[in-house]
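First the structure, in the form of structure tokens, and then the observations on it.
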Amino acid sequence: MFIKSLMKNPILVIGILFFVIFLFNLQKKGYFSERSEKLKATSCRAALVRLNKVIPNNWKSSCEKNSIKVEVTIQQVKDIKLIKQVLYRELANSLSFIAKNSPGDNLERTDYIIVKIKYKKYIINSLTTGKQIVKLSSLKHIKLIKDHLKQTVQVQEVFTE
């Protein structure tokens, strides 16, 4: 029945074939790659689903492959003399916030957690693994948190002019 209707309308068959060829050419050129990347399930995306619901307005979060990237922008600091101390405290609070507000099993399977703290011309970049940041969610004492961060987080300070 279906074949008989196609035989009566050969132009329709040719049109469908050209449309399919057109779609395959678009796919080869990469037009659907962004959409297909969004549909791939990764631990990073699973962790960000819950985290994006509770992050403050000055945060920007994204996934790069299976790594979480967070940018925190600081608007004002009360005491300019203590700028470095304030930014490091913000870094520690941000990592703790990520650990407490993301699902632990998904966060554990992410490759890296990259946090960038920005204040005018001063930037602090940090890098840690997902397995290490999960342990941060269970620590309560400030000294334990500080020791854990010293051992597991790599930090880079950048001053731009």
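Give the number of residues within region 122-157 that are of a type in the set (A, V, I, L, M) and either part of a helix (DSSP H, G or I) or not assigned by TED's automatic domain parsing to the domain that holds K84 (or both).
So the count comes out to 7.
All but one of (1) in contact with a strand residue (DSSP E or B) (Cβ under 8 Å, 6 or more places away or on another chain); (2) surrounded by fewer than 17 Cβ atoms within 10 Å (Cβ to Cβ); (3) part of a helix (DSSP H, G or I) hold for S62; state the number of the condition that does not hold.
Just one mismatch for S62, condition (3).
Collect the residues in region 49-59 that are under 16 Å from G104 (Cα atoms), surrounded by fewer than 17 Cβ atoms within 10 Å (Cβ to Cβ) and touching a residue at least 12 places away in the same chain (Cβ under 8 Å), keeping them in residue-number order.
R50, V54
Does region 91-98 contain any residue that is more than 29 Å from E34 (Cα to Cα) and touching a residue at least 60 places away in the same chain (Cβ under 8 Å)?
yes
Could you list all residues from region 8-36 that are modelled with pLDDT under 80 and either assigned by TED's automatic domain parsing to the domain that holds T110 or loosely packed, with under 12 Cβ neighbours inside 10 Å (or both)?
Result: G30, Y31, S33, E34, R35, S36.
Name the single residue, out of those in region 90-109 being out of contact with any helix residue (DSSP H, G or I) (no Cβ under 9 Å at 6 or more places or on another chain) and either of a type outside the set (D, E) or outside the structural domain of K150 (by TED's automatic domain parsing) (or both), that is nearest to G130 (Cα to Cα).
Among those residues, the one meeting the criterion is S94.
With respect to A46, determine if the residue is within 16 Å of the chain's Cα centre (by Cα), among the aliphatic types (A, V, I, L, M), surrounded by 10 or more Cβ atoms within 10 Å (Cβ to Cβ) and at pLDDT 90 or above.
Considered against the rule, which asks whether it is within 16 Å of the chain's Cα centre (by Cα), among the aliphatic types (A, V, I, L, M), surrounded by 10 or more Cβ atoms within 10 Å (Cβ to Cβ) and at pLDDT 90 or above, A46 comes out as no.
Residues that are part of a strand (DSSP E or B), within 23 Å of T160 (Cβ to Cβ), touching a Lys or Arg at 6+ places or on another chain (Cβ under 7 Å) and not polar (S, T, N, Q): does region 112-121 have at least one?
Taking every residue of region 112-121 in turn, at least one turns out to be part of a strand (DSSP E or B), within 23 Å of T160 (Cβ to Cβ), touching a Lys or Arg at 6+ places or on another chain (Cβ under 7 Å) and not polar (S, T, N, Q).
The values are calculated or read from the model by the stated rules, or taken from the named source; none is laboratory data. Every value quoted in this text rests on a predicted model; they were computed, and no experiment measured them. So basically every Cβ, Gly included, is an ideal-geometry build from the backbone, and we count neighbours across all protein chains shown.
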